[in-house]
Amino acid sequence: MEKNIVLIKGDGIGPEIIEQAVLVLDRIGEKHSHKFNYTDVLMGGISIDTHGVPLTDEALETAKKSDAVLLGAVGGPKWEDLPGHLRPEAGLLAIRKGLGLFANVRPAVLYPQLKDACPIREDIIADGFDIIIMRELTGGLYFGERNIETVDGVRRAYDTCVYDENEIRRIAVSAFEIAMKRTKKLTNVDKANVLDTSRLWREVVHEVAKDYPEVEVIDMLVDNAAMQLVRNPGQFDVMVMENMFGDILSDEASMITGSIGMLSSASLGDTKFGLYEPSHGSAPDIANQDKANPLATIISTAMMLRYSFDMEQEAQDIENAIDKVLTEGYRTVDIMSDGCTLVSCSEMGRRIVENI
Ligand code: NAD
């Protein structure tokens, strides 16, 4: 197969981690006879410095024409004082919107080799966990009508949460599709005991469920889900929820893995196209020092192969190589522990490539 991939290296550690992901992709291409073509696109601080805006229309058009986008990270202290719409992070919102990406997929996996980093008691996580949080990205409270106003001399504010059935249906379909590729268990998270948007959400999820009779659907209220994530994370496989619930629970789920440098993510739309990126930021404190952990980006690359290119074996090759390198005790500084061998970003990348 031949695939066209847009690379957005971004700022800070972005270029270093993307470089390792490309070496991994090239090795996969060599092993499985695929050709990956890369096009660099500027976004974030580097685009502000070059073009005056965090994302140009041309950059977005180039991304639209590709088969998938692999993104490092954007932002840094240099651009922090710019007005909101000119800051590097505005590029992130613009590209997700411009590409019609409405589902954010964030895995939270506890690697047995990194159990020490998990803040949860050992007996609770004895069997590990492997969760995927699916968050709706373009609707709900963050995009509804809002205002701060003064009425009769009293300040008040409101935000509105609106979902229509089409917005709910399309993310529900994505969640069921992913559940079908895994253990066929889907937890639907809402607040249907209080919110009308949640009642419609639950209704539509169950309508979609009729097309996926093999998938077990469990409804869970969001407050309970927040508790259960720390009480017994092993009970979950795929979890689907609206935008704000997903914002909060995906951070909680990533925290319980304990390792920010290991967390990948994908943003998906109606088609196979997707944008893949680590969940962490541009880590300016360690940029240009060959210290960053490239694994979150490499795991995101495996997700790209699995979800956008249907290359399951290739994705597993990457995941197995990561497993092997961790078992051999190699660690970047963020996941270092006693008795392990400290390696740089490029050394970690090289070892993954060697094991594919
Ligand atoms: P951060 O994730 O960049 O860093 C938090 C801490 O984790 C730092 O100590 C950093 O060194 C460490 N860290 C992060 N990724 C690491 C990795 N791969 N390997 C080793 N250590 C790693 O978050 P922050 O410091 O809050 O933000 C820094 C910049 O990144 C800000 O400008 C912020 O706006 C931006 N940001 C960008 C994205 C994105 O591009 N998607 C996401 C979050 C933050």
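Extents of the stretch 119-256, taken as max minus min of Cα coordinates on every principal axis and listed largest first, are 58, 38, 23 Å. Quick one: check the C-alpha center-to-center distance for the stretch 332-356 versus the stretch 265-298, whole angstrom. The stretch 332-356 and the stretch 265-298 have Cα centres separated by 17 Å. For the stretch 326-332, 3J(HN,Hα) computed residue by residue from phi via the Karplus equation (6.51, -1.76, 1.60; θ = phi - 60°) reads 5, 5, 6, x, 7, 9, 7 Hz, glycine and proline entered as x. Hull surface divided by four, with the convex hull built on the Cα atoms of the stretch 39-162: how many nm²? Answer in nm², one decimal: 13.0.
Entry comment: accessible area of the chain is 45 Å² per residue, from protein heavy atoms only and a probe of 1.4 Å. Expressed as a whole percentage, what fraction of the accessible surface of the stretch 119-256 belongs to carbon and sulfur atoms when a 1.4 Å probe is rolled over the protein heavy atoms? Carbon-and-sulfur percentage of accessible area, whole number: 51. Ordering of 278-284, 176-182 by packing is 278-284, 176-182, highest average first (other Cβ atoms within 10 Å, averaged per residue). Result for the chain in a Gaussian network model with C-alpha springs under 10 Å: among Glu277, Glu149, Glu214, the largest mean-square fluctuation is at Glu149.
Karplus-based coupling profile of the stretch 137-146, in residue order and whole Hz: 10, 10, x, x, 4, 6, 10, x, 5, 8, with θ = phi - 60° in 6.51 cos²θ - 1.76 cosθ + 1.60 and x standing for Gly or Pro. Reported value for the stretch 278-353: 88 Å³ per residue, from the convex hull of its C-alpha atoms. Shape analysis of the chain yields a ratio of the Cα radius of gyration to the Kirkwood radius, Rg/Rh, of 0.97. Here the Karplus curve 6.51 cos²θ - 1.76 cosθ + 1.60, taken at θ = phi - 60°, turns the phi angles of the stretch 69-81 into couplings of 10, 10, 10, x, 6, 10, x, x, x, 4, 10, 5, 8 Hz, with x standing for Gly and Pro.
The values are calculated or read from the model by the stated rules, or taken from the named source; none is laboratory data. Note that this is a predicted model, so its numbers are computed, not measured. Note that we place each Cβ from the backbone using ideal geometry, even for glycine, and neighbour counts take in every protein chain shown. Note: areas computed on protein heavy atoms with side chains; ligands, DNA, RNA excluded. Shrake-Rupley method; radii C 1.70, N 1.55, O 1.52, S 1.80 Å.
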